[in-house]
Amino acid sequence: MSGKSSKILVIGGGPAGLFFSIIAKRAVPTATVHVREQNPEGVTYGWGVAFSESAANTMRPAAPDVIDALTAGTQHEQMVLSLDGADVPVHVGRSHLNARWSLLATLEKSALEAGVSIEHDCDAVVTENELADWDLVVGADGVNSRTREHFAEHFLPSVELGTNWLAWYGTPKSYAPSIILQNSEHGLLMVHASRFSAEMSNFTVEVGQETFDRLGFAGMTEDESRELCEQLFADSLDGMPLRSNHSPWFQTKFVSCARWSHRNLVLIGDALHTVHPSIGSGTRFAMRDAVYLTRALTKAGWDIEVGLAAFEGARRPVADAFQAAAKRSIAWYEGLPSRTITHPTKFALEYLMRTGRVSYREFRRENRDVVLGYERDLR
């Protein structure tokens, strides 16, 4: 295929699909790039999404104006680890947060300005026969990808369900990025919270299976669950409400694929592989796939077979390392309900070192006062 006459279909208008459509269209301005998205325009689920400063820097060369727009809002350089009301503030690298709907609006605007066509509220499915109508088809339709499932015999996916249960709420209470652990008569209660705009913060509740059962969440409506969570975390919320945006309880899906492409079809983002909310890299992970894919295709002169093989060869080792870190994080979280942690700083240390990507020495260098206090306690 010649880049100049390319016909590219992108299934899914999330961060991975939209970012790929932008940089692919800019790389080959004469190409036809079309995005199919099943949701109506402006409709999405969830609240705020984040990526680190280092992630922004690695993506910026691909589309500087887009990344600049996504890093112009809410920023954090400190997070709080809280155990039963005792807070341990720690310094971390800078992170950038956006409301999911505003991030998608920014990406969609840039895509349209580049000349990408976007079709909303449609049956975002591609068939084996339809592959022949396009030079390249990119499956970017998320963790519940119908593309991946339709072509499962070729991609050979593995999907593992986590054992913990999560509900993703929003709240007007302002939170620095926080991990909140609260021991209760029902078991351990956990929250991932972070302000993503001037008005709203994420507030994701996580509990183990036994606590989920004791509290009876399985038999509750979404509103009943939200109201109970407001009561359980009333002290932390300071009387502020929780809000839903399609916020049912769910168990995370850990997705990986033995094969990344089939003919002229390739998967990216959560359709291909997932990480975990606890390492806060899902949006970056997906958008980086788009960068690697475009780079590989460009180097291959838009020879699809060569480009897709090069994409997998370059991206898989990096992605596998992220997934390994995500698995360590999942194991740590899922092991918490069976343990008793009583020292707030020990909790902070464990949290920041759980994936193996941060060493004790690194943590001590960045948070000397916190660690010295902990070391004194051990004497």
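The values are calculated or read from the model by the stated rules, or taken from the named source; none is laboratory data. Predicted, not measured: the structure shown is a model, and the values here were computed from it. Backbone-built Cβ (ideal geometry, glycine too); neighbour counts: all protein chains shown. With ligands, DNA and RNA removed, areas are computed over all heavy atoms of the protein, side chains included. Shrake-Rupley method; radii C 1.70, N 1.55, O 1.52, S 1.80 Å.
Annotations for the structure displayed:
- Solvent exposure of the chain amounts to 43 Å² per residue of accessible area, where only protein heavy atoms count and the probe is 1.4 Å.
- Portion, in percent, of the accessible area of region 6-58 that falls on carbon or sulfur, probe 1.4 Å: 53 percent
- Reference-scaled alpha-carbon Rg (2.2 N^0.38 Å with N residues) for the chain: 1.02
- In the chain, taking the dipole from charged Cβ atoms about the Cα centre, the farthest positive-side position among SER256, ILE304, GLY239 is held by ILE304.
- The 3J(HN,Hα) values that the Karplus relation (6.51, -1.76, 1.60; θ = phi - 60°) gives for region 89-102 are, in residue order, x, 9, 7, 9, x, 4, 10, 10, 10, 9, 4, 4, 5, 6 Hz. Gly and Pro appear as x.
- The DSSP beta bridges internal to the chain are antiparallel in roughly 70% of cases.
- Compared with the dominant Cα axis of the chain, that is its longest principal axis, helix 282-299 is turned about 30°.
- Sparsely packed GluC sites (Glu not before Pro) within region 116-221, loop by DSSP, other Cβ within 10 Å at most 13: GLU128, GLU185, GLU199
- Under Karplus coefficients 6.51, -1.76 and 1.60, residue-wise ³J(HN,Hα) of region 38-43 in Hz, glycine/proline x: 6, 7, x, 4, x, 9
- Once the chain from GLN78 to GLU227 is taken as fully extended at 0.36 nm per residue, the excess over their C-alpha distance is 50.7 nm.
- Taking 0.36 nm per residue of sequence separation and removing the Cα-Cα distance, the CYS122/SER54 pair yields an extension gain of 20.9 nm.
- The chain - mean residue ellipticity at 222 nm from DSSP helices (-39,500 (n - 2.57) per run, n ≥ 4, rounded to 500): -12000 deg cm²/dmol
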